[in-house]
Amino acid sequence: MVNKVMVTLLVLLVMASTTLGVYMYRLTGEVDSLGDQLEAMRAEQAERGDAVDSALEALRQDTAERLDTLGERVDENRDAALGNRHTIAALQDTAEESSEEITKLRAEVGDLAAEVARTGEESWLKADEVYQVASQAVVEVSNGEATIGSGFVYDALGHVVTANHVTENLSDIYLVFADGQVSPASLVGSCSLSDVAVLKIQRDPGVTPLALADSDAIAIGEPVVTLGSPFDLTGTITAGIVSQRDRFEEIGSDGGSRWIANLIQFDAPANFGNSGGPLVNADGQVVGLIIARVGPASGEGVSYAVSANKVRRVADAIIEGGVFQYPWLGVEGGDLTPKAAEQAGRDSLHGVLVSTVIPGGPAWAGGMQAGDIITSIDGWSVAGMADLTSYLGERTSPGDLVTIEVVRNGVARQFQATIGTR
């Protein structure tokens with residue numbers, strides 16, 4: 001019984017062992033298969049890892065290159081930004097300076113506009129005020145029957161200035177003032193070469209003398225007015241401008257014609273009866289003594305006045321000594337013509353061509369000759385005969401030593417001469 005049990009157990013044990021062996025065999029196969037699969041997976045993962053590493057390395061290198069490029073661009077942009085910042089700062093400074101300059105210019109323009117407006121008002125719109133002030137000292141010069149010319153009160157001593165050609169044929173002289181007062185007058189002295197005469201009032205009318213301006217300061221185009229009694233039309237004012245200065249013209253009168261220097265040309269209407277009257281600026285100052293106009297048969301708008309500076313010299317000399325000694329150089333000549341300049345080898349009309357040197361005169365004693373071209377006197381540029389005579393008339397006196405520059409046969413020379421009396 002026991003043996004059967006043992007046998008049965010043995011059989012069962014053998015069967016179990018066999019079953020277990022088969023199972024172990026299968027399990028080992030499956031384990032091996034799983035190992036192979038795992039190894040394959042490991043190899044695949046390794047390949048994928050290598051690929052990922054390669055991709056990461058390529059990405060890293062590309063990123064590094066891009067970062068380097070971006071860094072260079074950032075540096076360039078930073079430098080450009082710094083440059084632009086400096087440029088912007090410079091532009092801002094320039095803009096600020098320009099703004100300040102514009103502000104200054106606006107202020108200057110405003111001041112200029114105000115000055116123009118003020119000058120316009122004083123020059124033109126207030127001519128009535130100039131008339132009210134200046135006309136009180138303007139007189140009619142009469143022969144006792146009719147008005148011959150005009151004049152103006154020169155100083156507080158009762159001297160009146162007028163034109164020489166107004167008084168040269170008068171035996172009786174009466175002065176009529178703006179308020180109707182009349183006073184006989186006497187001739188103190190005159191200068192026909194300047195067409196200036198000085199009278200002395202016998203009865204003081206109690207008017208304020210007119211002030212004389214510095215005629216060297218006259219501007220071409222400056223507004224002026226005439227005051228006088230043309231055609232017996234008492235107290236007449238006309239307006240115009242200064243057309244030119246330092247003219248040298250032949251002026252005719254009943255006593256003949258003569259060349260007058262230091263003339264101001266103006267276009268304000270001046271007629272018979274204006275001679276001897278004042279040419280007045282916007283400040284009410286005398287800039288000239290009216291002496292002549294171009295007649296209607298010759299033209300319109302050209303009148304002449306002796307400059308205030310010349311009037312002052314002549315009048316003061318006459319009041320002091322009864323006579324004005326007119327400066328004299330002792331040459332005759334005229335302005336250069338294009339043909340004369342060409343013959344002299346000059347490409348400019350600047351200068352005075354000497355035609356005659358008076359024997360024994362100042363220029364003759366100094367060594368000048370006919371044919372010399374005077375270009376300056378005492379450094380004063382001589383463009384023509386008007387400049388030479390104007391300088392002599394206003395700036396020299398007999399006895400003065402002057403230096404004259406000439407061109408002779410194309411060579412510049414200097415001479416000295418002692419001014420004589422004409």
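Derivation of every value follows stated rules applied to the coordinates shown; laboratory data play no part. Not measured: the values here are computed from a predicted model. Please note: Cβ atoms are built from the backbone with ideal geometry, for glycine as well, and neighbour counts cover all protein chains shown.
When the label point is put 7 Å from the Cα of Asn169 along its Cα-to-beta-carbon vector, which residues of the range 239-268 have a backbone N closer than 16 Å?
252-258, by backbone N distance to the label point.
So, counting K/R as plus one and D/E as minus one, what does the shell of residues with Cβ under 12 Å around Ala213 add up to?
Its environment carries a net charge of -3.
In the range 251-354, what GluC sites (Glu not before Pro) fall in a loop by DSSP, with at most 14 other Cβ atoms inside 10 Å?
Within the range 251-354, the qualifying GluC sites (Glu not before Pro) (loop, at most 14 other Cβ atoms within 10 Å) are Glu300.
Could you give me the radius of gyration and the Dmax of the range 266-343, taking only the C-alpha atoms into account and expressing both in angstrom?
Using the Cα atoms of the range 266-343, the pair Rg, Dmax is 17.0, 49 Å.
Across all directions of projection, what mean area in square nanometres is found for the Cα convex hull of the range 327-421?
If you wrap the Cα atoms of the range 327-421 in a convex hull and average its projections, you get 5.1 nm².
For the range 130-321, what is the Kirkwood hydrodynamic radius in Å, using each pair of distinct C-alpha atoms?
Computed over the range 130-321, the radius equals 15.9 Å.
Give me the number: length gained by fully extending Asp62 to Glu39, i.e. 0.36 nm times residue separation minus the C-alpha to C-alpha distance, one decimal in nm.
Taking Asp62 through Glu39 to full extension adds about 4.9 nm, to one decimal.
Can you pull out the GluC sites (Glu not before Pro) in the range 132-223 whose DSSP state is coil and whose Cβ has at most 15 other Cβ atoms within 10 Å?
Hits after loop and neighbour filter: Glu145, Glu168.
Measuring from a point 7 Å past the Cα of Glu145 along Cα-to-C-beta, which residues in the range 185-202 have an amide N at less than 19 Å?
185
Run the numbers for Arg422 and Glu129: contour at 0.36 nm per residue of separation, minus the present Cα-Cα distance, in nm.
Full extension from Arg422 to Glu129 adds 101.3 nm.
What does the charge dipole of the range 327-421 about its Cα centre add up to, to the nearest 20 debye, if the Cβ of each Lys and Arg holds +1 and the Cβ of each Asp and Glu holds -1?
Its charge dipole is roughly 200 debye.
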